[in-house]
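The values are calculated or read from the model by the stated rules, or taken from the named source; none is laboratory data. The shown structure was predicted, so the numbers you read here are calculated from the model rather than taken from an experiment. Because the Cβ atoms are built from the backbone with ideal geometry, glycine has one as well, and the counts that use them run over all protein chains shown.
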Amino acid sequence: MLRRYAILCSVLALAAACGGEAAPDSSAPTTQADAGQMTTTTAAGTTTTAAVTTDAPPPSTTTSTTTTSTTAAPIAGSTLADGRPATFLAITADYSAVEVDTLTGEIVHVFGQTGTAAEVAAAEEMPPNVLVGIWRLGDGSVVGIADCCEPAAGNIFYVAAGEELVDPYYSDWKEHGWTLSPSPTQNLFANLGYSMVVADPTVAADTGPGEWIDDPSLGFPMGAAAWDRDGSQLWWTTKIKEVAALATLDLAEGAPSHVTVLPWVMVNQDIDGIGSQASGNLVGFVHTRNSDYQVTGTTGVVFSDVGEVLANFPVETGSTWGGYDPAGKFLIYVDGNGTARWQGGGNSGALGNGFIFASW
């Protein structure tokens with residue numbers, strides 16, 4: 001159980017469980033092209049400050065310098081004038097799954113909890129079975145909610161939008177897994193755990209796209225998978241004998257393959273994420289941990305589909321990856337103090353406080 005908890009802190013980067021001091025607030029572009037003036041929008045108002053320029057990409061041994069992608073139209077959903085989703089999903093500090101108004105930060109729907117009051121109270125020391133992640137299909141019709149930490153394979157519970165979790169452990173609408181990634185172009189989830197499952201949860205498993213198990217093993221997966229912008233393949237990061245690597249799955253071929261080692265991820269580091277920008281570049285958070293597994297630093301990294309670092313950008317220490325909206329324009333995450341934040345197009349802002357996880 002202790003090892004399972006340590007691994008899931010790496011996989012899910014639970015701010016409340018893994019800890020880590022929060023760095024001073026900073027607004028950062030996601031690529032070097034976003035340098036200039038940055039507008040920060042919060043519930044209290046809008047301020048304009050000088051943007052932080054991303055670090056120069058370090059030397060690379062790969063030959064590719066850009067990521068190319070055939071872009072397909074994202075699934076349409078309810079959005080604000082600036083293109084952000086009108087609501088976001090979150091796990092609160094007391095491990096409740098909720099939907100939140102993007103503009104006001106008000107909770108508009110509560111899906112519920114899985115843990116008892118005693119389990120929730122004990123979760124600060126060792127999460128038993130409490131909710132730790134939440135995502136939804138592109139059309140918003142179905143929500144998938146993950147809990148931690150037993151069984152070791154994890155649980156994903158599915159619930160229709162606007163409904164509540166009722167006896168989830170006795171429901172047929174669940175499966176094993178750690179984290180979900182919604183397709184930007186179809187109503188599909190990529191469920192990453194000990195295996196990779198790609199399916200529409202509203203369709204019976206034997207008629208869906210199928211399941212691929214890593215055989216031969218591609219190591220131990222870290223974080224969420226990232227969809228190609230046209231929905232044709234997936235990338236995810238994994239560790240093979242403590243060495244970080246980038247793996248891919250072509251949905252047409254249905255077989256995972258090793259892509260490249262990521263030499264810029266040190267032994268005492270792990271990647272929280274990853275996601276895909278509208279440009280096709282991959283983005284994730286790299287956490288540095290001490291000998292007690294506490295997060296001592298977090299950096300945002302933009303890299304290509306062959307693992308070459310393209311840019312770095314600052315994020316608050318201990319930030320938990322949430323992912324991009326279906327269009328790949330807006331990043332959402334929770335900082336080390338439990339504040340849900342967003343950034344994109346040179347803008348950034350706070351969405352509300354009291355969360356351990358958030359996604360669009």
message: Being among the hydrophobic types (A, V, I, L, M, F, W, C), under 21 Å from the mean Cα position of the chain (by Cα), at pLDDT below 95 and surrounded by fewer than 22 Cβ atoms within 10 Å (Cβ to Cβ) is the filter here; which residues of the range 94-132 pass it?
response: none
message: Under 7 Å between Cβ atoms, which residue pairs at least 6 apart in sequence (or on different chains) link something in the range 172-195 that is of a type in the set (Val, Ile, Thr) with a partner that is in a strand (DSSP E or B)?
response: 179/133; 179/146; 179/192; 179/223; 179/224
task: Any chance you could count how many residues in the range 239-280 are under 30 Å from residue 83 (Cβ atoms), touching a residue at least 24 places away in the same chain (Cβ under 8 Å) and either assigned to a strand (DSSP E or B) or in contact with a Leu (Cβ under 6 Å, 6 or more places away or on another chain) (or both)?
output: 9
Residue count for the range 280-306, restricted to those that are modelled with pLDDT under 95 and among the hydroxyl-bearing types (Ser, Thr, Tyr): 2
query: Out of (1) assigned to a loop (DSSP other than H, G, I, E, B); (2) over 17 Å from the mean Cα position of the chain (by Cα); (3) not aromatic (Phe, Trp, Tyr), what's the single condition that is false for residue 138?
result: (2)
message: The conditions are (1) in contact with a helix residue (DSSP H, G or I) (Cβ under 9 Å, 6 or more places away or on another chain); (2) under 21 Å from residue 221 (Cβ atoms), and residue 310 fails exactly one of them. Which is it?
response: (2)
